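Undergrad: Let me give you the structure first, and then I'll get to my questions.
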Amino acid sequence: MSPALIVYRLLTRLLEPLAPRLLDARAKQGKEDPVRVDERLGLTTVARPAGDLVWLHGVSVGETLSLLPVVERIRRQRPDLAILVTSGTLTSAQLLAQRLPAGVIHQFAPVDAPGAVAAFLEHWQPSLAVFVESELWPNLILEARRRGVKLVLASARITERTVEGWRRFPSAVRQILSAFDRILPQDETSAARLHSLGARIDGHVNLKLSGEAPPHDAAAFTRLSAAIGDRPVVVAASTHDGEEIAIVRALDKLAERLCLILVPRHPARSADIATALTRDGYRFARRSQGHEPDRDTDLYLADTLGEMGLFLRLADVVVMGGSFSVALEKPPVGGHNPLEPARLGKPAVTGPDMSNWAAVSDALVEAGGLTVVHAPWDLPAVLAPLLADTDAARAVGERGRRAAAEAGSGLDRLWETLAPLLPQPPRGGRR
């Protein structure tokens, strides 16, 4: 083991007794689930299912949602396997509680301390672990490897800043990366960065390009559609600080009356959004309080979790949030997944910052299914023609849908990688 990893292991072992107090403090701040905080220490009240178990890990919302198609593929191809999904944030846990199929277990990932890692692995005993994006926790990865767990780093994304940090410990990062049986970066840029750290690259997979349209509640759709009536609907999806008010003010300039649905990326911000809307004199309904838009209310604050599929289906046009931060002199966000509206055939408009989705955004723009504007105040010029001509809007949405379908083949490539690493199925089982 490299000297840096020996020091890291000793430090985490020395500091581990402080972990319960630190986790309790985070729980009081609303950053951990106080009922499930022991899961962070590798402890659980959930029994391990009998038989072989596959463990899938993603740190936050985007990563864990990208694992859902993998869960479905494993269930379909290998129903004999138990599945455990871990994540690291409260929001991801809440969404997975709604979206994971019955029988699939969710746990919070353990902190990267020797005792917590050992307790977690001793209880769950996975045969295969799939880490999504860039979760390189030394104790967790190396201890899993020592216990014979097959390891895959899939849809891997690594920033230049992270690479520069790891380059200070070259032998440590080589040892960590060599623990993986397969490494599949999202794109050429991440592949080159990982290769420079000593990783062997086994192909490319971007799981965020795979999957189906987000689900929805059909009864809620019928109810909201009736409440909105014949007003055209614009959905501002996954918005961040400052974007809501800027978009509302910009769309005030449209001559046509419409219903604007604001879907903040983080519903915990909804109180601040409501305060800002009230301050500026806007009437609005707030979904978290059980309200719906009526004939006098054209602005709907959709501040709930797990309902993006509902709101996207209501949309005539979608404005992608997280893409205007730089234009509003806010810290850059990098945009959010433009494939979600595209899979539903919805025309979409985005701001200039889609750096987290550059390749897929470029493909959608080239296909004619996505339009880029420089700032929120440029939205009316693009939205007005789409709202006025439903046939033209439908054609834009269809072009986006076809481009999204072409982008989503990564799941098949990942399955080809995972299948040989899975434990042998019982006699008569499917591969």
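Undergrad: For Ala348, which of the numbered conditions (1) crowded, with 23+ Cβ neighbours inside 10 Å; (2) over 19 Å from Gly211 (Cβ atoms) fails to hold?
TA: Going through the list (1) crowded, with 23+ Cβ neighbours inside 10 Å; (2) over 19 Å from Gly211 (Cβ atoms), Ala348 breaks only (2).
Undergrad: Please find, among Arg40, Arg26, the residue that is under 30 Å from Thr304 (Cβ atoms) and under 22 Å from the mean Cα position of the chain (by Cα).
TA: Selected residue: Arg40, the only one of Arg40, Arg26 that is under 30 Å from Thr304 (Cβ atoms) and under 22 Å from the mean Cα position of the chain (by Cα).
Undergrad: Which helices (runs of 4 or more DSSP H) does region 291-397 wholly contain that include 1 or more residues that are over 18 Å from Val235 (Cα atoms) and over 21 Å from the mean Cα position of the chain (by Cα)?
TA: 358-367
Yes/no matrix, rows are residues, columns are (1) assigned to a helix (DSSP H, G or I); (2) at pLDDT 95 or above; (3) in contact with a strand residue (DSSP E or B) (Cβ under 7 Å, 6 or more places away or on another chain); (4) among the hydrophobic types (A, V, I, L, M, F, W, C):
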position: Thr64; (1), (2), (3), (4): yes, no, yes, no
position: Arg73; (1), (2), (3), (4): yes, no, no, no
position: Gln94; (1), (2), (3), (4): yes, no, no, no
position: Pro101; (1), (2), (3), (4): no, no, no, no
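Undergrad: If I filter region 62-84 down to residues being of a type outside the set (A, V, I, L, M, F, W, C), within 22 Å of Leu339 (Cβ to Cβ) and open to solvent by less than 40 Å² (accessible area, probe 1.4 Å), which single residue comes out as farthest from the chain's Cα centre (by Cα)?
TA: In this case the residue turns out to be Arg73.
Undergrad: Taking Pro126, is it touching a Lys or Arg at 6+ places or on another chain (Cβ under 6 Å) and not small (Gly, Ala, Ser)?
TA: No.
Undergrad: Shifting gears a bit: Can you give me the number of residues within region 315-333 that are crowded, with 22+ Cβ neighbours inside 10 Å and not polar (S, T, N, Q)?
TA: The number of residues fulfilling the criteria is 9.
Undergrad: Considering only residues of region 165-183 that are of a type outside the set (Gly, Ala, Ser), under 26 Å from the mean Cα position of the chain (by Cα) and at pLDDT 95 or above, which is most open to solvent (accessible area, probe 1.4 Å)?
TA: Filtering first and then ranking leaves Arg182.
Undergrad: State which residue pairs qualify: first residue more than 18 Å from Leu254 (Cα to Cα) and modelled with pLDDT of 95 or more and inside region 383-397, second residue surrounded by 15 or more Cβ atoms within 10 Å (Cβ to Cβ) and among the charged types (D, E, K, R) in any location, beta carbons under 8 Å apart, and separation of 6 or more residues or different chains.
TA: Gly397/Lys346
Undergrad: Which residue out of Ala250, Ala274 is more than 21 Å from Gly334 (Cα to Cα), of a type in the set (Gly, Ala, Ser) and touching a strand residue (DSSP E or B) at 6+ places or on another chain (Cβ under 8 Å)?
TA: Answer to the check: Ala274.
Undergrad: Just the residues that are of a type in the set (Gly, Ala, Ser), outside any helix (DSSP H, G or I) and either open to solvent by 10 Å² or more (accessible area, probe 1.4 Å) or within 19 Å of Asp412 (Cβ to Cβ) (or both), please, taken from region 195-207.
TA: Gly198, Gly203
Undergrad: Of the residues that sit in region 406-429 and are part of a helix (DSSP H, G or I) and within 18 Å of Ser127 (Cα to Cα), which one is most open to solvent (accessible area, probe 1.4 Å)?
TA: Applying the filter and picking the extreme gives Glu416.
Undergrad: Sticking with this structure for a sec: Using the structure shown, decide if Arg40 is open to solvent by less than 90 Å² (accessible area, probe 1.4 Å), closer than 29 Å to Pro170 by Cα and charged (D, E, K, R).
TA: yes
Undergrad: Criterion first (open to solvent by less than 30 Å² (accessible area, probe 1.4 Å), in contact with an Asp or Glu (Cβ under 7 Å, 6 or more places away or on another chain) and small (Gly, Ala, Ser)) does Ala403 satisfy it?
TA: So Ala403 does not fit the description; no.
Undergrad: Out of the residues in region 85-142 that are under 24 Å from Leu22 (Cα atoms) and aromatic (Phe, Trp, Tyr), state the one that is surrounded by the fewest Cβ atoms within 10 Å (Cβ to Cβ).
TA: Trp137
Undergrad: Return the residues of region 1-14 that are open to solvent by less than 100 Å² (accessible area, probe 1.4 Å), closer than 21 Å to Ala109 by Cβ and in contact (Cβ under 8 Å) with a residue 60 or more places away in the chain; say none if nothing qualifies.
TA: Within region 1-14, Leu5, Tyr8, Arg9, Thr12 qualify.
Undergrad: Here is a follow-up. Taking Ala50 as meeting all but one of (1) in contact with a strand residue (DSSP E or B) (Cβ under 9 Å, 6 or more places away or on another chain); (2) outside any strand (DSSP E or B); (3) open to solvent by less than 80 Å² (accessible area, probe 1.4 Å), write down the number of the exception.
TA: Every condition holds for Ala50 apart from (3).
The values are calculated or read from the model by the stated rules, or taken from the named source; none is laboratory data. Only a predicted model underlies this, so the values are computations on that prediction, with no experimental measurement involved. Cβ: placed from backbone, ideal geometry, glycine included. Neighbour counts: every protein chain shown. These accessible areas exclude ligands, DNA and RNA; they are computed on the full protein's heavy atoms, side chains included. Shrake-Rupley method; radii C 1.70, N 1.55, O 1.52, S 1.80 Å.
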